[in-house]
1. Computed from the mean reciprocal separation of all distinct C-alpha pairs, what Kirkwood hydrodynamic radius does the chain have, in Å?
2. Helix 395-410 versus the longest principal axis of the chain: what is the Cα-based angle in degrees, 0 to 90, to the nearest 10?
3. Under the rule of at least 5 residues apart or a separate chain, name every residue whose amide H is placed under 5 Å from the amide H of Arg72.
4. Based solely on its DSSP helices, what 222 nm [θ] is calculated for the chain when runs of n ≥ 4 H residues each add -39,500 (n - 2.57) and the sum is averaged over all residues, nearest 500 deg cm²/dmol?
5. Express the carbon and sulfur contribution to the solvent-accessible surface of the chain as a percent, rounded to the nearest whole number, probe 1.4 angstrom.
6. Could you work out the Rg to Rh ratio of the range 56-163, with Rh taken as the Kirkwood radius (inverse of the mean 1/r over all Cα pairs)?
7. Just going by the charge dipole of the chain, with Lys and Arg at +1 and Asp and Glu at -1 on Cβ, which of Gln225, Tyr22, Ile260 is farthest out on the positive end?
8. Placing unit charges on C-beta atoms (Lys and Arg positive, Asp and Glu negative, everything else neutral), compute the dipole magnitude of the range 182-255 about its Cα centre in debye, rounded to 20.
Amino acid sequence: MEEEKIPCKNINGSDSTAEVDYLSGFGNHFSSEAIPGALPHGQNSPLMCPYGLYAEQISGTSFTAPRKSNQRSWLYRIKPSVTHEPFKPRVPSHEKLVSEFNQTNSSANPTQLRWKPVEIPDSPTDFIDGLFTICGAGSSFLRHGYAIHMYTANKSMENSAFCNADGDFLVVPQKGRLCVTTECGKLQVSPGEVVVLPQGFRFSIDLPDGPSRGYVAEVFGTHFQLPDLGPIGANGLASSRDFLVPTAWFIKDPHPGYTIVQKFGGELFTARQDFSPFNVVAWHGNYVPYKYDLSKFCPFNTVLIDHGDPSINTVLTAPTEKPGVALLDFVIFPPRWLTAENTFRPPYYHRNCMSEFMGLIYGKYEVKAPEVMPLWLDCVGKLANILSSFIPVHSQILKNAWLTSLQAKTDGGFLPGGASLHSCMTPHGPDTKTFEETVGNGKDAGPFRIRDTMAFMFESSLIPRVCPWALESPHMDHNYYQCWIGLRSHFSCEIDG
C-alpha cells in the first residue's frame, strides 16, 4: 500500500519527512512491533517481557462483554502509564467543554440553526484549547450520550498529550492536515479523511499546514462500528480493508515535565511525568485508533425513481441497545450520480425523529444553493479540475483548499467549515432556489454527476441541547430561516394532464 510522504512535525519538535506505514482492516486483531521480537509469544503478561518492557492492557469494553464486541489491546512500553504525579484541575480551566448536558449549561432549541465558519484565532491555540462544544445530549457519567464539538487551532501541541476518558472522538478535519501521534503509532489525516481516537488513548496533534479547523463527534458508553449492509449484500459503503491503523512507533528519551491533559467528566485535569506516553515498542489487540479516506466510500443510490433515505450513506454508526436506532451515525454526501426519473432529486422536505447536525468539508451542498455567483464558482471548479491533473502531489487537497477559499469569499449560505442543526421533528429541506431550479429543469433532466463536494451529517436519536456560546456566537446565521420563506404555493384544484 503506497502512502504519500507528508512532512510531519514529530514529538521532539523537529521536522521529518518519513513515510508512515499502516495496517489495514476494521475490528481485526492487529499486532505491530517497532523492534522485532518485542511482542511476547504464547502469553500477554510474562514475568519478564522482551527488552525489559512493561505489559499494560487498555480495555475499551468491560471484561465480560460478549466476545464479538469485546475490545482491548496489550501495549508493551518502556515505562507504564501509571508513572505520573497526581492529577490536578487544569489552570486555566476550559469553560467550553461539556459532557453532562442539562439546563445549567445548555438549552433546548427547536429552531433550525446554522453557523458560518469559525475564524482561526490569532493567539497561539492548540487542539485542546481550540476545542469547544456546540451541542449534545446525555452524560459521560451515565455512559450514554454524545457531544458535538468544533475546533480551531494554529499551533501544534508541545510536550503534552491529550486523553479523553469520557468517550471516543471522531475527528473530521476541514482545513489543514493533522499529524496525530498515538500510543499505537502515527496517523496522518487530511481534509477528506476522518480519524477515530478511542476512549482512553493518549494522543498529540501537530499541524504541518499551520492553521486548522474541523468537527468532532464524541460518543459516550459505546464505540463506532460499520453498519449492517442488509439487502445490499456483502460489499458496498465503507469497506473494512480501507480503514488504516498505525504501526508501532516509540520515543525512548526522557521528557522532564511532560504533561498529560485528561478530559474527565467534561473537565480537564493535568498530570506531569518525566517521559513521553508514546513509548510503546509493540502492541497487539483490536482496540486501536484508525483513520478512513472518505473518497473510498462506495455510495448507493436510486436508479429509477425517488430519493433514497440518507442512511444509505452511513460510514460508521454508534449503536444503542435498540436495534436499528443509533446513538450517533456518521453519514456522508459524497460525489455521485443522480439518475432518478420524474423525481425531485435533492433530499426531500423532512421532519425526523432523529436530530441532524451537518457540516461541509469542501464544495457546496446540493440542498443549499450558493447565494451569489454560482456560475462563476462553477467555472472555477472546472478550471481546478483541469489544473489538478498537472499537480502530481496532493492535487486533490490543493484543489479542495482552493475551492473552499474561493467559495468562502463569494458564497452565502452553507459554507465549508460551517454547520447546521435540525433537531428532532424540526422541519428542514431544500431552500427556495434549489426547489425552483429543480422543478424548472422539468421531467426530462438527464443523468447528472455531483462533483467536488463532501458534506456530512452526525445523526442521533437523542435530542441535543445547545450550548450558550454556540447560540450567542457571532458566527450564528440569524437569517437562515429566510432561505425557505420564498417557497410559494403551487397548489391547483386542476389535476395535471
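1. On the way: mean 1/r = 0.0418 Å⁻¹.
Computed over Cα pairs of the chain, the Kirkwood hydrodynamic radius comes out at 23.9 Å.
2. The angle comes out at about 50 degrees.
3. Amide H neighbours of Arg72: Gly60, Asn286, Tyr287.
4. Details: 5 runs with 48 residues, N = 497.
About -3000 deg cm²/dmol.
5. Numbers: 12770 of 23210 Å².
Whole-percent figure for carbon plus sulfur exposure: 55.
6. Values: Rg = 18.2 Å, Rh = 17.7 Å.
Radius of gyration relative to Kirkwood radius: 1.03.
7. Going by the charge dipole, the pick is Ile260.
8. Details: 5 positive and 8 negative charges, 20 e Å.
So the magnitude is around 100 debye.
The values are calculated or read from the model by the stated rules, or taken from the named source; none is laboratory data. Remember, it's a predicted structure, so these values are computed and weren't measured experimentally. Please note: Cβ atoms are built from the backbone with ideal geometry, for glycine as well, and neighbour counts cover all protein chains shown. Surface areas here come from the heavy atoms of the whole protein model, side chains and all, with no ligands, DNA or RNA. Shrake-Rupley method; radii C 1.70, N 1.55, O 1.52, S 1.80 Å.
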